[in-house]
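Computed from the coordinates by the stated procedures, all read-outs in this text should not be read as laboratory data. The structure displayed is predicted, hence computed values, not measured ones. Cβ placement follows ideal geometry from the backbone for every residue including glycine, while neighbour counts extend to all protein chains displayed.
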Amino acid sequence: MWKLKVLIQFILALLPAGERINHLMQIINRSHSNDETLKNTANLAEKIRIIGEFVDLEGSTVVEVGTGWDAISAILFYLMGTRTCYTYDHLPHVRFKLVRKIVNQIEAHIDSIQPITSVPKSILTARLARLQGKNTLKELLAAGNINYQAPNDATQSGLPNNSVDLYYAYAVLEHVPENIVDAIIIEAKRVLKEQGRVYFAIGLHDHYAGFDANVSKINFLKYPEWLWSFFVKNKISYHNRLRGKQFLDLFKSHGARIEWINSKIDPADLEVLKTMKIDRRFDGMTHEELAVNYLELIFSF
């Protein structure tokens with residue numbers, strides 16, 4: 001079944017309206033259902049709470065790479081006190097309907113979301129109130145101190161040197177070419193204040209594993225690079241297959257000082273790796289290094 005999805009996304013990537021069709025398919029598959037939205041909101045609120053242990057978010061300036069369709073992170077940054085969130089995307093994916101849904105969901109479930117944020121309920125309620133009653137996406141984002149830059153290049157932000165408290169990307173770096181990852185780090189280093197921090201969360205797993213239960217999280221490591229590039233490295237389904245160690249080496253090559261790190265390995269994948277032939281691109285890496293399927297970290301320069 002997963003190969004059928006690869007083929008569909010390959011075809012969509014060739015069509016002018018392919019990304020719009022792909023978004024409609026996500027809606028049909030309930031990617032933006034109420035339950036999924038609430039789950040994602042709670043998860044990201046917890047991530048941002050952890051970030052708050054390293055960066056004072058109250059009155060802060062944040063850069064987000066990869067706004068997505070519903071701007072969940074940007075909305076949460078506003079609710080947790082940021083002065084301005086500059087959020088960049090290569091295409092204007094954000095939908096007013098989805099952002100408004102996020103706001104309404106948080107308001108409806110404030111008693112469960114508020115403890116995660118650690119923001120007093122009275123302040124959270126007041127901030128949510130400022131987002132209500134807006135008739136356009138532009139009005140809503142402006143009310144949330146969100147400066148939405150799309151289409152725009154996050155590697156050329158135009159922001160002043162040493163002006164940003166937090167540089168943030170969630171589930172983005174796996175979806176761009178390695179040279180762009182490198183450019184993102186260079187830009188982060190340029191715009192961050194001396195005490196600024198970087199937060200990256202990276203999905204290192206085979207994303208088709210979530211579509212087909214028979215596919216392991218490291219299944220894609222067996223395919224030759226030419227085949228993977230031809231069918232998967234496109235504007236719909238791009239995954240660079242970089243492993244956690246490679247990301248860490250790249251960050252450290254720019255002077256990154258890791259302050260907090262969290263990674264995940266599925267023991268079942270280690271068993272699969274014992275018999276699975278790996279593409280030569282990954283020669284020299286241990287099974288443990290190959291099996292890391294999720295990496296998140298906070299670092300400074």
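Assorted remarks:
- Positive-end extreme of charge dipole, the chain - chosen from TYR86, GLY196, LEU250 (charges on Cβ): TYR86
- Distance between modelled label sites at ASN179 and LYS39, nm, 7 Å Cα→Cβ extension: 3.8
- Anisotropy class of region 210-301 from Cα gyration tensor, a/c 1.5 cut: prolate
- Whole-Hz ³J(HN,Hα) from phi, Karplus 6.51 cos²θ - 1.76 cosθ + 1.60, for region 240-254, glycine and proline x: 7, 6, 4, 8, x, 4, 5, 4, 4, 4, 5, 4, 5, 5, 9
- Helical content of the chain, expressed as a calculated mean residue ellipticity at 222 nm, amounts to -13000 deg cm²/dmol (DSSP H runs of 4 or more residues, -39,500 (n - 2.57) each, divided by residue number, nearest 500).
- Listing ILE110, ILE236 from fewest to most neighbouring C-beta atoms within 10 Å gives ILE110, ILE236.
- Fully extending the segment from GLU194 to LEU227, taken as 0.36 nm per residue of separation minus the present Cα-Cα distance, adds 7.6 nm.
- Mean projected area (nm²) of the alpha-carbon convex hull when region 34-300 is viewed from all directions: 14.3
- Distant-in-sequence amide H partners of LEU204 (H built 1.01 Å from N, under 5 Å): TYR294, LEU295
- Given their separation in residues at 0.36 nm each and the Cα-Cα distance between them, ILE21 and ASN234 gain 75.2 nm when the chain is fully extended.
- Amide proton proximity set for ASN234, modelled H, under 5 Å, gap of 5+: HIS239
- Take each peptide in 162-172, 128-138, 282-292, count the other Cβ atoms within 10 Å of every residue, and average; sorted highest first, the result is 162-172, 282-292, 128-138.
- Charge dipole (Cα centre; +1 on Lys/Arg Cβ, -1 on Asp/Glu Cβ; no other charges) of the chain amounts to roughly 580 debye.
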